[in-house]
Amino acid sequence: MYQPNTNKPNTQEVVLPSEIDQNPTALPTIISRLPLDWPVERFTQALTRREDNRKALLRWIESNLVVGIDYGQIHVVGKDKCRLAQAGKAHECVDPRHWSKPSLWKPGAEKICGMLGLIPRFPNLNEYEHAVLRGEDIKVIILKCELHTGNGFVAAEGTGARRIAQDNGDINKSLKMAEKSAHIDATLRVAGLSEIFTQDLEDMANGAKQDIQPDTDRQPPPSKPPQTESIGNPAAQPPPKETEGNDAKSSNNDYSGNGGNGNNRITGKQYKFIMDLMKNSGITKRDLNAHCVETYGSVLDHISRNDASSLIDWLRNR
């Protein structure tokens, strides 16, 4: 097989510069481009390095992605199998089997790509822009996203599609939604995150409606959410003031995002404050959940505001 421009054989092999430098008089050492054909020691070292890097990335994701902002889950079990769903309180369900796999959202994809130094590009976006300017009747938009490194190398690709009818003929929104889907798809591929994240689960719960705020079916999951970023030294700060009886204010602070449903759930401010105290105390989220279940009868996400205040005192006195 010959390369079209050089007419030189494509041996799928490369020279190892390090071995040439060590012994300039020796013949060049050739190694296959295919990793499985590498010497076992070199292949093992590469696997170990990538495994360690991926574990570091997963730790960063767990510590920095925020549930309800960067990703979310959907309660997928019907009313016939979940008594809380039957009562219209699916958001209170703490059974992890009743929730979908976490869905990665655009803010989360942007954070991951930013930390990896990857820039999203949409190479065929201009084709649709020109088609719109020409007045063509577009029914479906299919965009490709390429994640570029700083030197222009394409680290991963993803695809996103959107029917214009889903957005009532709003082609601008359809373009943005296709971009979002393609970006998320590429992000999942670049770091092998499909085992922990999926995408576009909002379509399951809301039909064609997207880019909406979390509703009662898109609540923070009962499983462990990522820890939020530190906001300073919480031990030196007073605990957040609560706004009991003020539905407008409590809906903004309610960690569950349920719009102030009156169930006295832990607020967003309390949750973030507890996360910072947890980091300083050295306790893990799993241990904290175990303490909450033993003391308050529920995992952290679903304790009451009064219990959250008690938990704050407990953490500060550790």
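Apply the Karplus curve 6.51 cos²θ - 1.76 cosθ + 1.60, θ = phi - 60°, to the phi angles in segment 151-165 and return the couplings in whole Hz, x for Gly and Pro.
Computed from phi, the couplings for segment 151-165 are 9, x, 6, 8, 7, 6, 10, x, 10, x, 10, 7, 7, 4, 5 Hz.
Starting with the fewest neighbours, write out E129, E110 ranked by other beta-carbon atoms found within 10 Å of each beta-carbon. Provide the component values of the computation, followed by the final result.
Details: E129 11, E110 16.
Fewest-to-most Cβ neighbours within 10 Å comes out as E129, E110.
Please list, in order along segment 180-191, the HN-Hα scalar couplings obtained from phi with the Karplus expression 6.51 cos²θ - 1.76 cosθ + 1.60 (θ = phi - 60°), rounded to whole Hz, x for Gly and Pro.
4, 5, 5, 5, 5, 4, 5, 5, 5, 6, 5, 10
Mind giving me the FRET efficiency for A87 and T48? R0 is 51 Å, r the Cβ-Cβ distance, nearest 0.05 is fine.
Working from the Cβ atoms, E equals 0.50.
So for E51, E179, E62, fewest C-beta neighbours within 10 Å to most, what's the order?
Taking fewest neighbouring Cβ atoms as first place, the list is E51, E62, E179.
Take F153, F43, F273, F122 and order them by how many other Cβ atoms sit within 10 Å, fewest up front.
Going from least to most buried by this count: F153, F43, F122, F273.
Tell me which residues come under 5 Å, amide H to amide H, from V76 once H is placed; ignore anything under 5 positions away on its chain.
The answer is W99, S100.
How many angstrom lie between the Cα centre of segment 293-310 and the Cα centre of segment 75-113?
Between the Cα centre of segment 293-310 and that of segment 75-113, the gap is 20 Å.
For the cross-link pairs K101/K173; K81/K173; K180/K269, which exceed 32 Å when the distance is taken from alpha carbon to alpha carbon?
Too far apart for the 32 Å limit: K81/K173.
With the Cα gyration tensor of segment 85-173 giving a ≥ b ≥ c as the square roots of its eigenvalues, does the rule (a/c under 1.5 for rounded; else a/b larger than b/c for prolate; else oblate) give rounded, prolate or oblate?
The shape class here is oblate.
Just to check I understand the Karplus step: with θ = phi - 60° and J = 6.51 cos²θ - 1.76 cosθ + 1.60, what whole-Hz values come out for segment 76-81, glycine and proline as x?
So the J values, rounded to whole Hz, are 9, 8, x, 5, 6, 10.
None of the figures in this text is laboratory data; all of them are computed from the coordinates on show. Quick caveat, the model's predicted, so the values are computed rather than measured. Methodologically, a virtual Cβ is constructed for each residue, glycine included, from the backbone with ideal geometry; neighbour enumeration extends over all protein chains shown.
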